[in-house]
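The values are calculated or read from the model by the stated rules, or taken from the named source; none is laboratory data. Being a predicted model, the structure only gives us computed values, none of them experimental. Positions of Cβ are generated from backbone atoms using ideal geometry, with glycine treated the same way; all protein chains shown enter the neighbour counts. These accessible areas exclude ligands, DNA and RNA; they are computed on the full protein's heavy atoms, side chains included. Shrake-Rupley method; radii C 1.70, N 1.55, O 1.52, S 1.80 Å.
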Amino acid sequence: METITQPSKPVDVKKIKSRRFWKTAVQQRYLYLMSLPFVIWVFVFNYIPIWGWTMAFQKYKPAKTFFEQEWVGFKYFQELLADERFYLVLRNTLAMSFLGLLVGFTVPILFAVLINELKGRFFKRSLQTISYLPHFVSWVVVAGIVYKMLSTESGGINDLLLWLGVIDTPIQFMAKETWFWGIVTVSDLWKEMGWNSIIFLAAITGIDPEQFEAAKVDGAGRWRQIWHITLPGIRSVIIVLLILSIGNLISIGFEKQMLLGNPLVVDYAEVLDLYALNYGIGLNRFSFGTAVGIFNSFVSIILLFTANGIFKRYSKESVM
């Protein structure tokens, strides 16, 4: 006797995914509630201000409402690209950004590996704590310390060089234009090195200790263990943070440059954010300052996607 099989009903994939989503949402409701304040914070301070970008396409006047503003198209972007000062500022921004990335990204990795290799528990924790402290110091205080250390009168660096016989007369470090980028880079490194090493230390602690034990059995020394186990173990973290750092390459702020700079080194100290502050907000040219900010964000997005694409293609690691 022949059996008649009824055709199976088509599976609604969307319904299944929707049910799974809501089931997961109910199970993890407390995690969603905990993250809600941060989502609101990001929306309020990062997305709502994008509406202000419309000022770059207007001849903005604070006394007028949005619909009363005069629209000028890309006028301020044309002024920006025609300004010779802009390219000088862009050079300074890129130079200090690349120096900060080269030094401020690699040194914390080496510092984290060094701390991990220390055996004395008390000394290890003391060194960690001391290295974290400068991060919590204001740049105003740090700039004062740097000025004092590099001063020609009782400055620690000049006194040391004179005592060692390296120089005969004190050097005016803060008046040397070509030295400004290095001073900013070293100052930022001293302030942030310990704090930036935290995430690398956390990644190192996640490596399976049995790998180190097996390497010791095979006769591998400390350097071999670092090269073949520690660094490959944190490779993913390094790449992800490097991609994000490249994305923020042009957004280096202006606090360091404004506090450490002076009229003698202004051609090497002014960066894009400081340029927008001085020639935009400082001169009540709000539309021009907004145009500089949009250019900054646009370049950052290009750098982020470019870096992400390159690393995704050659290392199979990415942030999106």
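Evaluated at q = 0.14, 0.28, 0.30, 0.34 Å⁻¹, the base-10 log of the normalised Debye intensity for the range 47-87, with identical point scatterers placed on the Cα atoms, takes the values -0.39, -0.95, -0.99, -1.09. Summing +1 for each Lys or Arg and -1 for each Asp or Glu among the other residues whose beta-carbon sits under 12 angstrom from that of K23 gives +4.
For the chain, what is the relative contact order in percent, using Cα pairs closer than 8 Å and at least 6 residues apart in sequence?
Values: 294 pairs, mean separation 75.8, N = 320.
Over the chain, the number comes to 24 percent.
Dividing the helix sum by the residues of the chain, where each DSSP H run of 4 or more adds -39500 (n - 2.57), gives a mean residue ellipticity at 222 nm of -19500 deg cm²/dmol.
Just the accessible area per residue of the chain, please: how many Å² with a 1.4 Å probe? Numbers along the way, then the final one.
On the way: 21340 Å² over 320 residues.
Each residue of the chain exposes 67 Å² on average to a 1.4 Å probe.
Per atom type, the chain shows carbon and sulfur on 66% of its accessible surface, probed at 1.4 Å. Backbone geometry of the range 294-300 corresponds, through the Karplus equation with coefficients 6.51, -1.76 and 1.60 at θ = phi - 60°, to 3J(HN,Hα) couplings of 5, 4, 4, 5, 4, 5, 4 Hz, x marking Gly and Pro. The amide H of Q58, built 1.01 Å from its N in the peptide plane, has V72 as neighbours under 5 Å, considering only residues 5 or more places off or on other chains.
When the P(r) is computed for the range 190-320, the part past 25 Å accounts for 50% of the Cα-Cα pairs. For the range 198-241, the share of alpha carbon pairs falling in successive 10 Å distance bins from zero is 30, 52, 18, 1 percent.
Computed from the C-alpha gyration tensor, the three semi-axes of the ellipsoid equivalent to the range 125-197 are 25, 14, 11 Å, from longest to shortest. Of I252, I171, I183, the residue with the greatest mean-square motion in the GNM of the chain, using alpha carbon springs below 10 Å, is I171. Per-residue Karplus couplings for the range 304-313, computed as 6.51 cos²θ - 1.76 cosθ + 1.60 with θ equal to phi - 60°, are listed in order as 5, 5, 5, 4, 4, x, 5, 5, 5, 6 Hz, Gly and Pro entered as x. In the elastic network of the chain, a GNM with C-alpha springs shorter than 10 Å, the most mobile of F105, F21, F254 is F21. When the chain is treated as a Gaussian network with alpha carbon springs shorter than 10 Å, the biggest mean-square fluctuation among E79, E177, E210 belongs to E210. Largest first, the extents of the alpha carbon coordinates of the chain on the three principal axes equal 111, 75, 36 Å. Once you have the Kirkwood Rh of the range 20-63 from its Cα pairs, apply Stokes-Einstein at 25 °C and 0.890 mPa s and quote D in µm²/s. The Stokes-Einstein estimate is 184 µm²/s. Scalar couplings 3J(HN,Hα) for the range 75-87, obtained by applying the Karplus form with A = 6.51, B = -1.76, C = 1.60 to θ = phi - 60°, are 4, 6, 5, 5, 5, 4, 6, 8, 7, 5, 4, 4, 6 Hz; x denotes Gly and Pro.
May I ask you to rank L260, L94 by accessible area, largest first, using a 1.4 Å probe over the protein chains only?
Values: L260 0, L94 60 Å².
The residues order as L94, L260, largest area first.
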